[in-house]
Amino acid sequence: MDSAELLTTLRSNGAKHVYNHLLLDENVFLLRRLFPDNHAEKYHQLKVAAAEALDVPTKNIAIVGSSKTGYSLTPNRNFAQIRPDSDIDLVVVSKELFEQLWRSHLNYKNSIEQSRQYSYSTVAKNIFRHFVSVSEDEIDSSMLIYFSEWINKVGKLKRVLEQQFKISTPLEYRVYDSWTYVEQYHVTGLNALMEHHNESN
C-alpha cells in the first residue's frame with residue numbers, strides 16, 4: 001500500500017482498520033526488498049530469531065515504521081521514503097521486560113552514578129504510555145551496570161539480524177507491557193497523520 005492509498009484508506013476506514021490491516025500484516029517493505037521471493041517466510045524467521053534473542057514469545061515481535069511501510073508515518077515528514085540508513089523500528093511486547101527496564105531506569109535514576117545528561121522526564125513520559133526503551137546513543141559507562149543484561153540481549157539480536165538477514169542498519173525498539181498500548185500508540189499516531197494531511201489540503 002503506497003502513501004496515497006494509505007491516506008485514502010485511513011480517511012474511509014479509520015485508524016484502527018489501517019493498524020490491523022497494514023501495520024500488523026506480514027508484508028514488510030524492507031524484507032520484500034531484500035528477499036522478494038520469500039519475504040513473508042523471512043519475516044517469520046526474523047520474529048523467531050528476535051524472540052529467542054530477547055526471550056519473549058514469537059507472536060510478541062513486530063516490525064513497524066518505515067521498514068514496515070517503506071515510508072515514514074510521522075505527520076510532519078510528508079511520507080518520507082525509507083533510506084538505506086533508516087532505523088529498524090521493533091515492537092516488543094513483554095510485561096516482564098517492561099517492568100525490568102522500568103526498574104533499571106529507576107535504579108539508575110536513584111544512583112550516585114546518574115549522568116547529568118540523563119533525561120528522566122522522557123523515560124517517565126514513555127512509561128506513562130506503557131512502553132520503555134534504552135537508546136544506545138544515550139548509554140554511557142555509568143549506565144552499563146544497570147542495563148547490562150538488556151544490552152547483551154540487544155547485542156545478540158543485532159548480530160542475528162546482520163548474520164542471518166544481512167540487516168546492519170540501526171535498531172530502535174519499544175518494549176510495551178501489553179498489545180493494548182501498542183494499538184493505542186499507533187492508532188493515535190495514524191489519527192494525527194490524517195489530521196495533519198487534512199489540514200494541509
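The values are calculated or read from the model by the stated rules, or taken from the named source; none is laboratory data. Predicted model only: the values in this text are computed from it and were never measured. Here the Cβ is made from the backbone with ideal geometry for all residues, glycine too, and neighbour counts use every protein chain on show.
Quick notes on this structure:
- Note on segment 55-97: residues that are over 24 Å from Glu195 (Cβ atoms) and surrounded by fewer than 16 Cβ atoms within 10 Å (Cβ to Cβ) amount to 10.
- The number of residues in segment 13-61 being over 14 Å from Phe165 (Cα atoms), part of a loop (DSSP other than H, G, I, E, B) and among the hydrophobic types (A, V, I, L, M, F, W, C) comes to 2.
- Qualifying residue in segment 96-107 (condition: charged (D, E, K, R), over 21 Å from Lys166 (Cβ atoms) and at pLDDT below 95): yes
- Spans of helices (runs of 4 or more DSSP H) in segment 84-180 with at least 3 residues within 20 Å of Ser67 (Cα to Cα): 144-165
One line per residue, one yes/no per condition, for (1) exposed (fewer than 13 other Cβ atoms within 10 Å of the Cβ); (2) touching a Leu at 6+ places or on another chain (Cβ under 7 Å); (3) over 25 Å from Arg83 (Cα atoms):
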{"position": "Glu99", "(1), (2), (3)": "no, no, yes"}
{"position": "Ser104", "(1), (2), (3)": "no, no, yes"}
{"position": "Asn110", "(1), (2), (3)": "yes, no, yes"}
{"position": "Tyr118", "(1), (2), (3)": "no, no, yes"}
{"position": "Asp137", "(1), (2), (3)": "yes, no, no"}
{"position": "Lys153", "(1), (2), (3)": "no, yes, yes"}
{"position": "Ser178", "(1), (2), (3)": "no, no, yes"}
{"position": "Glu199", "(1), (2), (3)": "yes, no, yes"}
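- The selection criterion, being surrounded by fewer than 19 Cβ atoms within 10 Å (Cβ to Cβ), hydroxyl-bearing (Ser, Thr, Tyr) and within 24 Å of Asn126 (Cα to Cα), does not hold for Thr9.
- In segment 28-51, the residues that are over 14 Å from Leu157 (Cα atoms) reach residues that are in a loop (DSSP other than H, G, I, E, B) with C-beta atoms within less than 6 angstrom, at least six apart or across chains, in these pairs: Phe29/Gly70; Ala40/Glu26; Lys42/Phe35; Tyr43/Glu26; Tyr43/Val28.
- Here Leu157 meets the list (1) more than 16 Å from Asn60 (Cβ to Cβ); (2) at pLDDT below 95 almost entirely, failing just condition (1).
- One residue alone among His130, His186 is crowded, with 17+ Cβ neighbours inside 10 Å, at positive phi and within 15 Å of the chain's Cα centre (by Cα), and that residue is His130.
- Residue check for Leu23: over 18 Å from Val93 (Cα atoms), surrounded by 16 or more Cβ atoms within 10 Å (Cβ to Cβ) and touching a Lys or Arg at 6+ places or on another chain (Cβ under 9 Å): no
- Pick from segment 110-165, criterion touching a residue at least 12 places away in the same chain (Cβ under 8 Å) and basic (Lys, Arg), ranking: farthest from Thr188 (Cα to Cα): Lys156
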